[in-house]
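The values are calculated or read from the model by the stated rules, or taken from the named source; none is laboratory data. Keep in mind that what you see is a predicted model, and the values were worked out from it rather than measured. Note: ideal-geometry Cβ built from the backbone for every residue, glycine included; neighbour counts use all protein chains shown. In case anyone asks, the SASA skips ligands and DNA or RNA and just uses the protein heavy atoms, side chains included. Shrake-Rupley method; radii C 1.70, N 1.55, O 1.52, S 1.80 Å.
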Amino acid sequence: MATGTRYAGKVVVVTGGGRGIGAGIVRAFVDSGARVVICDKDESGGRALEQELPGAVFILCDVTQEDDVKLALPYLRKSQGNVINISSLVGAIGQAQAVPYVATKGAVTAMTKALALDESPYGVRVNCISPGNIWTPLWEELAALTPDPRATIREGMLAQPLGRMGQPAEVGAAAVFLASEANFCTGIELLVTGGAELGYGRKASRSTPVDTPDIPS
């Protein structure tokens, strides 16, 4: 049952809402009093969430199929709603061995800014959230593929100055803020990263003595 009224009377559509960060966003909006439509191509996860959360309805949807989503924007314009895209910190800082993912997330951030300009005449705001390391089933699955999953998870935790990974609920809270409170914000990228982008860290796999400055003895 909803525990708040921060977004009561609103309808929220969450694509990819069946698991992970998407599910965290679904829960946050339900808790804020909204009616939530869970859109996902993973029917099992979406249906389970629908059963768990009063006020949530599951619809089978694949965002790569235009016919599944092309009615959305006209309704957003009519209601002067807002769009929150999910990008990633790596779109700004890069990630090794992940060119397609990094390029795609960078494009999401750039698309957010361009769409914010295009939709502002209709009163539609467009923002994005760029999470860092968020503990999700996908993170756990990827860690399990490494030689030492516990060490991989520990490195993921230590990548943030706050010393832990984020939770899907924290991304959900950021989404509710952008939707319900950030009324004068459009085209922004909100980092939910625990400070992972701050400060210096080891980046090179080997030293380059010829470029190393003299070190006093």
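Laid out as a table, the results:
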{"item": "Lysines with Cα under 29 Å of Lys10, excluding same-chain neighbours fewer than 8 positions away", "result": "Lys41, Lys70, Lys78, Lys105, Lys113"}
{"item": "Summed residue charge, Cβ within 11 Å of Gly172's Cβ, Lys/Arg positive, Asp/Glu negative", "result": "-1"}
{"item": "Surface share of carbon and sulfur [accessible, 1.4 angstrom probe, percent] for the range 11-51", "result": "48 percent"}
{"item": "Two-site FRET efficiency, Gln51 against Glu141, from Cβ-Cβ distance with R₀ of 30 Å, rounded to 0.05", "result": "0.80"}
{"item": "Student exercise, the chain dipole from Lys, Arg, Asp, Glu Cβ charges, in Debye to nearest 20", "result": "360 debye"}
{"item": "Distance between modelled label sites at Ala92 and Ala114, nm, 7 Å Cα→Cβ extension", "result": "2.1 nm"}
{"item": "Mean projection area, nm², convex hull over Cα of the range 33-150", "result": "9.6 nm²"}
{"item": "Helical contribution to [θ] at 222 nm, DSSP H n ≥ 4, -39,500 (n - 2.57), averaged over the chain, rounded to 500", "result": "-12000 deg cm²/dmol"}
{"item": "Per-selection Kirkwood Rh - the range 136-211 (Cα, Å, 1 d.p.)", "result": "15.4 Å"}
{"item": "Length-normalised contact order for the range 85-135 - Cα pairs under 8 Å, 6+ apart - percent", "result": "49 percent"}
{"item": "Under-5 Å amide H pairs with Leu191, H placed in peptide plane, nonlocal only", "result": "Ser130"}
{"item": "Amide H partners (placed H, <5 Å) of Val126, local residues excluded", "result": "Val83, Gly187"}
{"item": "R0 of 22 Å, Cβ-Cβ distance Ala107-Lys41: FRET efficiency to nearest 0.05", "result": "0.60"}
{"item": "Along principal axes, Cα extents of the range 1-96, largest first, whole Å", "result": "42, 29, 26"}
{"item": "10 Å beta-carbon shell around Leu60, net charge (K/R +1, D/E -1)", "result": "-3"}
{"item": "Listed residues Lys203, Lys70, Lys78, most fluctuating in the chain (Gaussian network, C-alpha, under 10 Å)", "result": "Lys203"}
{"item": "The chain: most fluctuating residue of Leu190, Leu71, Leu138 per GNM, C-alpha cutoff 10 Å", "result": "Leu71"}
